[in-house]
Amino acid sequence: MKNATVGLRELRENIENYINQVNKGKSFIVLRRSKPVLKISSPDDEESWETVVDFTEFSHNGVSAKEVLRQHTNTKNTKQQFTAVYKKQGKWYLGWIEEIPGVNTQGKNLKETKENLREALHLILGVNKALYKNVSGHVIKEPIAISY
């Protein structure tokens with residue numbers, strides 16, 4: 001079945017309607033500024049799922065978006081440097097962070113890809129910080145530096 005498209009604003013304003021449609025087996029590609037940003041499909045659609053991290057291992061209820069955003073806000077002035085890699089493939093530009101698996105994106109031009117990659121990196125770092133904040137037991141937290 002072909003995925004229908006929906007704008008991000010439309011999705012936010014009519015979320016219950018789209019949840020009901022997804023529960024009936026329909027899938028949607030969500031667009032932001034005419035660009036695909038995510039796919040929504042039923043959790044029962046097993047073939048499209050890949051377990052990357054089980055957030056409930058860190059907190060029974062998962063990790064809230066508010067916590068991720070709060071952590072991101074608190075670390076906004078922390079400077080870290082990573083290596084961004086870009087490659088043109090067909091009509092698209094691909095981008096990824098060399099040091100962090102899973103931080104990757106695409107864009108129609110290099111500028112868009114750089115913006116998307118920066119956003120993806122912020123999100124991943126914020127989620128990781130929020131995930132490990134609630135680890136129970138004795139925890140040692142310290143900076144680490146390596147050379148390679």
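Things worth noting here:
- If R0 equals 35 Å, the separation of the Cβ atoms of Lys79 and Ser34 corresponds to a calculated FRET efficiency of about 0.60.
- Derived scalar couplings ³J(HN,Hα) [region 85-99; Karplus, 6.51 cos²θ - 1.76 cosθ + 1.60; whole Hz; x for Gly, Pro]: 10, 10, 8, 7, 9, x, 8, 10, 9, 9, x, 8, 9, 4, 8
- Nitroxide proxy distance, nm - points 7 Å out along Cα→Cβ at Lys91 and Lys24: 3.1
- Residues whose placed amide H lies under 5 Å from that of Lys35, excluding near-sequence neighbours: none
- Between the amide H of Gly7 and those of Leu31, distances stay under 5 Å, these residues lying 5 or more places away or on another chain, with hydrogens modeled in the peptide plane.
Laboratory data are not the source of any read-out in this text; all were calculated from the coordinates shown. These numbers were taken from a predicted model, which means no experiment stands behind them. With ideal geometry, Cβ positions are generated from the backbone for all residues, glycine too; neighbour counts draw on all protein chains shown.
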